[in-house]
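This report concerns only the one structure given below.
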Amino acid sequence: MPPKSTKPAAKAGPSKPSPEQTKQVIDALQLSSKLCLSILAVLQAPPSSDPDAPSAEAALIKDVRNDFIELVTFISKECTNLSLALKPPLTPPAAVKTVETLAGLVAKFAHCLKSAPKEGPLAKEFNWTGQEVLESVQRLLNGSIACVKATTPKEETSLRDISLRLTAQVWEKVDLAKGISENELEASRKDWKATLGLLDDCLEEVKEMEESVDEEKQEGHRDADDSDDDEEDDDDSDDFRTSHPLSNEEKERAKAAYMLLRIGRLLLVRLINSTAPSLALKTPGFSSPTFLDSTRRLVKSFSESADDLAAGLEPPQEDAVELAGKFADVGRELSVLIEDTAGAGDDEKEKEKEWQTTLRTQLDKLQSLGLPQSTS
(Lines give C-alpha, C1' and ligand atoms only; values in the text may rest on other atoms or scores of the structure.)
Protein backbone atom coordinates (compact mmCIF):
# COMPACT_ATOMS: atom_id res chain seq x y z
CA MET A 1 0.00 0.00 0.00
CA PRO A 2 1.31 3.42 -0.84
CA PRO A 3 2.22 5.48 2.17
CA LYS A 4 -0.45 7.82 3.40
CA SER A 5 0.19 11.42 2.49
CA THR A 6 0.58 13.70 5.44
CA LYS A 7 -0.32 17.39 5.28
CA PRO A 8 0.88 19.89 7.83
CA ALA A 9 -1.85 20.84 10.22
CA ALA A 10 -3.38 24.22 9.50
CA LYS A 11 -2.32 26.90 11.91
CA ALA A 12 -5.01 27.94 14.27
CA GLY A 13 -6.20 31.52 13.70
CA PRO A 14 -6.09 34.07 16.47
CA SER A 15 -8.76 33.53 19.04
CA LYS A 16 -11.66 35.93 19.01
CA PRO A 17 -12.03 38.03 22.16
CA SER A 18 -14.72 36.91 24.52
CA PRO A 19 -17.80 39.10 25.01
CA GLU A 20 -16.49 40.02 28.46
CA GLN A 21 -13.15 41.14 27.03
CA THR A 22 -14.85 43.15 24.30
CA LYS A 23 -17.06 44.81 26.90
CA GLN A 24 -14.00 45.78 28.94
CA VAL A 25 -12.52 47.56 25.92
CA ILE A 26 -15.80 49.34 25.14
CA ASP A 27 -16.25 50.41 28.77
CA ALA A 28 -12.74 51.84 28.88
CA LEU A 29 -13.29 53.73 25.62
CA GLN A 30 -16.64 55.12 26.78
CA LEU A 31 -15.18 56.22 30.12
CA SER A 32 -12.36 58.08 28.37
CA SER A 33 -14.80 59.64 25.91
CA LYS A 34 -16.93 60.94 28.78
CA LEU A 35 -13.81 62.35 30.42
CA CYS A 36 -13.02 64.31 27.26
CA LEU A 37 -16.59 65.62 27.10
CA SER A 38 -16.54 66.74 30.73
CA ILE A 39 -13.28 68.64 30.21
CA LEU A 40 -14.59 70.20 27.01
CA ALA A 41 -17.69 71.40 28.84
CA VAL A 42 -15.46 73.28 31.28
CA LEU A 43 -13.32 74.78 28.50
CA GLN A 44 -16.37 75.87 26.52
CA ALA A 45 -18.04 77.60 29.47
CA PRO A 46 -17.91 81.41 29.31
CA PRO A 47 -15.17 82.92 31.48
CA SER A 48 -16.37 84.25 34.79
CA SER A 49 -13.33 86.37 35.65
CA ASP A 50 -12.56 89.99 34.81
CA PRO A 51 -11.86 90.41 31.07
CA ASP A 52 -9.54 93.31 31.86
CA ALA A 53 -7.38 91.28 34.27
CA PRO A 54 -3.61 91.69 33.74
CA SER A 55 -1.58 89.20 31.71
CA ALA A 56 0.06 86.16 33.34
CA GLU A 57 3.73 86.20 34.28
CA ALA A 58 6.17 85.13 31.57
CA ALA A 59 7.82 82.44 33.73
CA LEU A 60 4.50 80.73 34.39
CA ILE A 61 3.55 80.88 30.71
CA LYS A 62 6.81 79.20 29.71
CA ASP A 63 6.31 76.31 32.14
CA VAL A 64 2.68 75.78 31.15
CA ARG A 65 3.56 75.89 27.46
CA ASN A 66 6.31 73.29 27.88
CA ASP A 67 3.92 70.99 29.75
CA PHE A 68 1.24 71.61 27.15
CA ILE A 69 3.47 70.60 24.24
CA GLU A 70 4.84 67.57 26.09
CA LEU A 71 1.35 66.31 26.95
CA VAL A 72 -0.12 66.72 23.46
CA THR A 73 2.90 64.84 22.11
CA PHE A 74 2.24 61.94 24.51
CA ILE A 75 -1.48 62.05 23.70
CA SER A 76 -0.70 61.76 20.00
CA LYS A 77 1.57 58.78 20.69
CA GLU A 78 -1.08 56.96 22.74
CA CYS A 79 -3.71 57.60 20.06
CA THR A 80 -1.37 55.90 17.61
CA ASN A 81 -0.92 53.01 20.04
CA LEU A 82 -4.70 52.76 20.39
CA SER A 83 -5.10 52.52 16.64
CA LEU A 84 -2.53 49.70 16.58
CA ALA A 85 -4.15 47.89 19.52
CA LEU A 86 -7.51 47.90 17.75
CA LYS A 87 -6.06 46.48 14.56
CA PRO A 88 -7.65 43.06 13.88
CA PRO A 89 -7.36 40.78 15.65
CA LEU A 90 -8.30 42.87 18.68
CA THR A 91 -6.03 42.44 21.67
CA PRO A 92 -8.21 43.48 24.65
CA PRO A 93 -5.46 43.72 27.33
CA ALA A 94 -3.30 45.98 25.16
CA ALA A 95 -6.30 48.07 24.11
CA VAL A 96 -7.54 48.57 27.69
CA LYS A 97 -4.06 49.47 28.92
CA THR A 98 -3.61 52.00 26.10
CA VAL A 99 -7.00 53.60 26.75
CA GLU A 100 -6.26 53.89 30.45
CA THR A 101 -2.90 55.50 29.71
CA LEU A 102 -4.60 57.91 27.31
CA ALA A 103 -7.22 58.79 29.93
CA GLY A 104 -4.46 59.58 32.42
CA LEU A 105 -2.80 61.90 29.92
CA VAL A 106 -6.09 63.63 29.18
CA ALA A 107 -6.61 64.24 32.90
CA LYS A 108 -3.11 65.73 33.16
CA PHE A 109 -3.82 67.84 30.10
CA ALA A 110 -6.93 69.23 31.78
CA HIS A 111 -4.85 70.17 34.82
CA CYS A 112 -2.31 71.87 32.57
CA LEU A 113 -5.05 73.94 30.93
CA LYS A 114 -6.28 75.03 34.36
CA SER A 115 -2.82 76.49 34.97
CA ALA A 116 -2.84 78.42 31.69
CA PRO A 117 -3.45 82.18 31.58
CA LYS A 118 -7.06 83.10 32.31
CA GLU A 119 -7.41 86.24 30.21
CA GLY A 120 -6.06 87.73 27.02
CA PRO A 121 -5.14 86.38 23.57
CA LEU A 122 -2.80 83.71 24.92
CA ALA A 123 -5.51 82.41 27.25
CA LYS A 124 -7.90 82.12 24.30
CA GLU A 125 -5.23 80.32 22.27
CA PHE A 126 -4.57 77.79 25.05
CA ASN A 127 -8.29 77.21 25.50
CA TRP A 128 -9.15 76.91 21.82
CA THR A 129 -6.15 74.75 20.93
CA GLY A 130 -6.83 72.49 23.91
CA GLN A 131 -10.41 72.09 22.74
CA GLU A 132 -9.27 71.20 19.24
CA VAL A 133 -7.00 68.45 20.54
CA LEU A 134 -9.57 67.02 22.96
CA GLU A 135 -12.34 67.06 20.37
CA SER A 136 -10.16 65.09 17.95
CA VAL A 137 -9.32 62.56 20.68
CA GLN A 138 -12.97 62.23 21.65
CA ARG A 139 -13.95 61.59 18.02
CA LEU A 140 -11.28 58.90 17.81
CA LEU A 141 -12.56 57.23 20.97
CA ASN A 142 -16.11 57.19 19.62
CA GLY A 143 -14.89 55.82 16.31
CA SER A 144 -12.94 53.14 18.19
CA ILE A 145 -16.08 52.09 20.06
CA ALA A 146 -17.90 51.57 16.77
CA CYS A 147 -14.89 49.67 15.44
CA VAL A 148 -14.88 47.27 18.39
CA LYS A 149 -18.63 46.71 18.04
CA ALA A 150 -18.34 45.73 14.36
CA THR A 151 -20.01 42.39 13.67
CA THR A 152 -18.92 41.59 10.09
CA PRO A 153 -15.55 41.70 8.33
CA LYS A 154 -16.89 44.27 5.84
CA GLU A 155 -18.17 46.52 8.60
CA GLU A 156 -14.93 46.07 10.51
CA THR A 157 -12.85 47.11 7.50
CA SER A 158 -14.98 50.18 6.85
CA LEU A 159 -14.90 51.32 10.48
CA ARG A 160 -11.20 50.58 10.66
CA ASP A 161 -10.59 53.00 7.78
CA ILE A 162 -12.61 55.65 9.59
CA SER A 163 -10.61 55.06 12.77
CA LEU A 164 -7.34 55.53 10.90
CA ARG A 165 -8.57 58.83 9.46
CA LEU A 166 -9.59 59.98 12.92
CA THR A 167 -6.12 59.09 14.20
CA ALA A 168 -4.61 61.21 11.44
CA GLN A 169 -6.83 64.09 12.54
CA VAL A 170 -5.41 63.83 16.06
CA TRP A 171 -1.90 64.06 14.61
CA GLU A 172 -2.90 67.14 12.63
CA LYS A 173 -4.41 68.92 15.65
CA VAL A 174 -1.42 68.03 17.81
CA ASP A 175 1.02 69.38 15.21
CA LEU A 176 -0.89 72.67 15.23
CA ALA A 177 -0.98 72.69 19.04
CA LYS A 178 2.80 72.45 19.19
CA GLY A 179 2.95 75.85 17.50
CA ILE A 180 1.14 77.58 20.35
CA SER A 181 2.44 81.07 21.04
CA GLU A 182 5.44 81.40 23.34
CA ASN A 183 4.24 84.59 25.00
CA GLU A 184 1.43 87.11 25.22
CA LEU A 185 2.90 89.35 22.52
CA GLU A 186 3.06 86.54 19.97
CA ALA A 187 -0.54 85.58 20.71
CA SER A 188 -1.58 89.22 20.48
CA ARG A 189 0.06 89.59 17.06
CA LYS A 190 -1.99 86.63 15.82
CA ASP A 191 -5.12 88.42 17.02
CA TRP A 192 -4.05 91.64 15.31
CA LYS A 193 -3.50 89.79 12.04
CA ALA A 194 -6.99 88.31 12.35
CA THR A 195 -8.36 91.83 12.91
CA LEU A 196 -6.49 92.94 9.81
CA GLY A 197 -8.47 90.34 7.86
CA LEU A 198 -11.73 91.71 9.27
CA LEU A 199 -10.66 95.22 8.31
CA ASP A 200 -9.97 94.02 4.77
CA ASP A 201 -13.52 92.64 4.65
CA CYS A 202 -14.85 96.06 5.65
CA LEU A 203 -12.75 97.72 2.97
CA GLU A 204 -14.05 95.32 0.34
CA GLU A 205 -17.63 95.95 1.44
CA VAL A 206 -17.23 99.74 1.26
CA LYS A 207 -15.45 99.52 -2.09
CA GLU A 208 -18.30 97.48 -3.55
CA MET A 209 -20.77 99.99 -2.15
CA GLU A 210 -18.88 102.90 -3.66
CA GLU A 211 -18.56 101.24 -7.06
CA SER A 212 -22.16 100.01 -7.10
CA VAL A 213 -23.39 103.52 -7.97
CA ASP A 214 -21.78 103.62 -11.39
CA GLU A 215 -22.61 99.97 -12.00
CA GLU A 216 -26.26 100.56 -11.11
CA LYS A 217 -26.44 103.45 -13.60
CA GLN A 218 -24.95 101.25 -16.31
CA GLU A 219 -27.27 98.40 -15.39
CA GLY A 220 -30.19 100.82 -15.52
CA HIS A 221 -29.40 101.71 -19.14
CA ARG A 222 -28.93 98.06 -20.07
CA ASP A 223 -32.15 97.04 -18.30
CA ALA A 224 -34.06 99.74 -20.17
CA ASP A 225 -32.73 98.44 -23.48
CA ASP A 226 -33.28 94.79 -22.64
CA SER A 227 -36.52 95.03 -20.66
CA ASP A 228 -38.50 93.33 -23.42
CA ASP A 229 -35.99 90.49 -23.75
CA ASP A 230 -35.26 89.69 -20.13
CA GLU A 231 -38.08 90.18 -17.67
CA GLU A 232 -36.20 88.23 -15.00
CA ASP A 233 -34.04 91.29 -14.34
CA ASP A 234 -36.97 92.72 -12.41
CA ASP A 235 -36.13 90.32 -9.58
CA ASP A 236 -33.08 92.45 -8.79
CA SER A 237 -35.38 95.27 -7.67
CA ASP A 238 -35.69 93.50 -4.34
CA ASP A 239 -32.02 94.07 -3.66
CA PHE A 240 -31.58 96.85 -1.11
CA ARG A 241 -28.75 98.61 -2.91
CA THR A 242 -30.59 98.48 -6.20
CA SER A 243 -33.78 99.87 -4.71
CA HIS A 244 -31.88 102.41 -2.57
CA PRO A 245 -29.01 103.68 -4.76
CA LEU A 246 -26.45 106.00 -3.20
CA SER A 247 -26.82 109.68 -3.90
CA ASN A 248 -23.81 111.71 -4.98
CA GLU A 249 -23.33 112.93 -1.43
CA GLU A 250 -23.54 109.38 -0.06
CA LYS A 251 -21.09 108.22 -2.68
CA GLU A 252 -18.60 110.87 -1.55
CA ARG A 253 -19.01 109.71 2.03
CA ALA A 254 -18.35 106.13 0.96
CA LYS A 255 -15.16 107.19 -0.85
CA ALA A 256 -13.93 109.13 2.16
CA ALA A 257 -14.81 106.23 4.49
CA TYR A 258 -12.84 103.89 2.28
CA MET A 259 -9.77 106.12 2.60
CA LEU A 260 -10.32 106.41 6.36
CA LEU A 261 -10.44 102.62 6.71
CA ARG A 262 -7.27 102.33 4.61
CA ILE A 263 -5.49 104.74 6.97
CA GLY A 264 -6.69 102.59 9.86
CA ARG A 265 -5.33 99.52 8.11
CA LEU A 266 -1.93 101.19 7.76
CA LEU A 267 -1.92 101.81 11.51
CA LEU A 268 -2.69 98.16 12.26
CA VAL A 269 0.02 96.99 9.86
CA ARG A 270 2.43 99.39 11.58
CA LEU A 271 1.56 97.83 14.93
CA ILE A 272 2.11 94.30 13.63
CA ASN A 273 5.41 95.12 11.92
CA SER A 274 6.75 97.17 14.82
CA THR A 275 6.21 94.27 17.23
CA ALA A 276 7.91 91.63 15.09
CA PRO A 277 10.20 89.42 17.25
CA SER A 278 13.43 90.99 16.02
CA LEU A 279 12.19 94.51 16.75
CA ALA A 280 10.30 93.71 19.94
CA LEU A 281 13.55 92.60 21.57
CA LYS A 282 14.83 96.16 21.22
CA THR A 283 11.64 97.62 22.67
CA PRO A 284 10.67 95.80 25.90
CA GLY A 285 7.66 98.07 26.24
CA PHE A 286 5.85 96.14 23.52
CA SER A 287 5.86 93.06 25.76
CA SER A 288 4.68 94.87 28.87
CA PRO A 289 1.30 93.85 30.32
CA THR A 290 0.21 97.50 30.30
CA PHE A 291 0.83 97.89 26.57
CA LEU A 292 -0.70 94.51 25.66
CA ASP A 293 -3.80 95.02 27.79
CA SER A 294 -4.37 98.52 26.37
CA THR A 295 -3.75 97.34 22.82
CA ARG A 296 -6.11 94.41 23.25
CA ARG A 297 -8.90 96.81 24.22
CA LEU A 298 -8.15 99.28 21.44
CA VAL A 299 -7.78 96.75 18.63
CA LYS A 300 -11.09 95.18 19.64
CA SER A 301 -12.75 98.61 19.52
CA PHE A 302 -10.98 99.32 16.24
CA SER A 303 -12.48 96.20 14.67
CA GLU A 304 -15.97 96.90 16.04
CA SER A 305 -15.98 100.54 14.97
CA ALA A 306 -14.77 99.61 11.46
CA ASP A 307 -17.62 97.12 11.14
CA ASP A 308 -20.11 99.70 12.41
CA LEU A 309 -18.81 102.29 9.95
CA ALA A 310 -19.12 99.92 6.98
CA ALA A 311 -22.69 99.06 7.99
CA GLY A 312 -23.54 102.73 8.57
CA LEU A 313 -22.71 103.62 4.96
CA GLU A 314 -25.87 101.96 3.72
CA PRO A 315 -28.48 104.60 2.80
CA PRO A 316 -29.54 106.90 4.34
CA GLN A 317 -26.17 107.10 6.17
CA GLU A 318 -27.70 109.08 9.04
CA ASP A 319 -24.95 108.10 11.52
CA ALA A 320 -22.05 107.67 9.08
CA VAL A 321 -20.09 110.76 10.15
CA GLU A 322 -20.54 109.95 13.83
CA LEU A 323 -19.37 106.37 13.26
CA ALA A 324 -16.38 107.62 11.29
CA GLY A 325 -15.50 109.87 14.20
CA LYS A 326 -15.57 106.94 16.61
CA PHE A 327 -13.30 104.94 14.33
CA ALA A 328 -10.88 107.87 14.09
CA ASP A 329 -10.95 108.38 17.86
CA VAL A 330 -9.88 104.79 18.48
CA GLY A 331 -7.25 105.11 15.78
CA ARG A 332 -5.77 108.20 17.38
CA GLU A 333 -5.65 106.56 20.80
CA LEU A 334 -3.94 103.49 19.36
CA SER A 335 -1.52 105.69 17.41
CA VAL A 336 -0.49 107.60 20.54
CA LEU A 337 -0.01 104.36 22.45
CA ILE A 338 2.31 102.95 19.76
CA GLU A 339 4.23 106.23 19.54
CA ASP A 340 4.76 106.40 23.29
CA THR A 341 5.98 102.79 23.44
CA ALA A 342 8.02 102.41 20.25
CA GLY A 343 11.64 103.25 19.64
CA ALA A 344 14.77 102.09 21.40
CA GLY A 345 16.67 105.31 20.79
CA ASP A 346 16.05 109.00 20.19
CA ASP A 347 16.25 108.65 16.40
CA GLU A 348 13.74 105.79 16.32
CA LYS A 349 11.39 107.64 18.64
CA GLU A 350 11.56 110.75 16.47
CA LYS A 351 10.85 108.76 13.31
CA GLU A 352 7.93 107.03 14.95
CA LYS A 353 6.54 110.32 16.22
CA GLU A 354 6.75 111.81 12.73
CA TRP A 355 5.00 108.79 11.18
CA GLN A 356 2.24 108.67 13.76
CA THR A 357 1.68 112.45 13.64
CA THR A 358 1.19 112.26 9.88
CA LEU A 359 -1.25 109.40 10.29
CA ARG A 360 -3.28 111.25 12.94
CA THR A 361 -3.45 114.27 10.65
CA GLN A 362 -5.00 112.07 7.97
CA LEU A 363 -7.49 110.67 10.48
CA ASP A 364 -8.46 114.24 11.42
CA LYS A 365 -9.05 115.18 7.78
CA LEU A 366 -11.04 112.09 6.86
CA GLN A 367 -13.23 111.58 9.90
CA SER A 368 -15.83 114.07 8.60
CA LEU A 369 -16.07 111.88 5.44
CA GLY A 370 -15.25 114.82 3.18
CA LEU A 371 -18.25 116.85 4.29
CA PRO A 372 -18.77 119.52 6.97
CA GLN A 373 -19.80 118.00 10.25
CA SER A 374 -23.34 118.80 11.25
CA THR A 375 -23.77 121.16 14.18
CA SER A 376 -26.77 121.48 16.39
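The values are calculated or read from the model by the stated rules, or taken from the named source; none is laboratory data. Please read these numbers as outputs of a predicted model, since none were measured by experiment. FYI the Cβ positions are ideal-geometry reconstructions off the backbone, even for glycines, and counts take in every protein chain you see. In case anyone asks, the SASA skips ligands and DNA or RNA and just uses the protein heavy atoms, side chains included. Shrake-Rupley method; radii C 1.70, N 1.55, O 1.52, S 1.80 Å.
Computed quantities for the displayed model
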{"item": "Cβ pairs under 9 Å, 6+ apart, first in region 73-88 and open to solvent by less than 50 Å² (accessible area, probe 1.4 Å), second not in a helix (DSSP H, G or I)", "result": "A85/T91"}
{"item": "Region 161-190: number of residues that are of a type in the set (D, E) and either buried (at least 20 other Cβ atoms within 10 Å of the Cβ) or touching a strand residue (DSSP E or B) at 6+ places or on another chain (Cβ under 6 Å) (or both)", "result": "1"}
{"item": "One residue from S55, S49 being buried (at least 22 other Cβ atoms within 10 Å of the Cβ), at pLDDT below 95 and not in a helix (DSSP H, G or I)", "result": "S55"}
{"item": "Breaking point among (1) open to solvent by 10 Å² or more (accessible area, probe 1.4 Å); (2) farther than 18 Å from A41 by Cα; (3) not small (G, A, S), for N142", "result": "(2)"}
{"item": "Matching residues in region 66-96 - criterion: being of a type in the set (V, I, T) and within 16 Å of V170 (Cβ to Cβ)", "result": "I69, V72, T73, I75, T80"}
{"item": "Filtered residues of region 314-340 (kept if crowded, with 21+ Cβ neighbours inside 10 Å and under 28 Å from the mean Cα position of the chain (by Cα))", "result": "L323, A324, F327, A328, V330, G331, L334, S335, I338"}
{"item": "Among (1) surrounded by fewer than 16 Cβ atoms within 10 Å (Cβ to Cβ); (2) closer than 30 Å to G285 by Cα; (3) of a type outside the set (V, I, T) - the single one E155 does not satisfy", "result": "(2)"}
{"item": "Qualifying residue in region 279-289 (condition: touching a helix residue (DSSP H, G or I) at 6+ places or on another chain (Cβ under 9 Å), of a type in the set (D, E, K, R), buried (at least 19 other Cβ atoms within 10 Å of the Cβ) and at pLDDT below 90)", "result": "no"}
{"item": "Residue list for region 104-120, filter: assigned to a helix (DSSP H, G or I), in contact (Cβ under 8 Å) with a residue 12 or more places away in the chain and farther than 19 Å from W171 by Cβ", "result": "A107, K108, A110, C112, L113"}
{"item": "Filter result for V42 (modelled with pLDDT of 60 or more and open to solvent by 80 Å² or more (accessible area, probe 1.4 Å))", "result": "yes"}
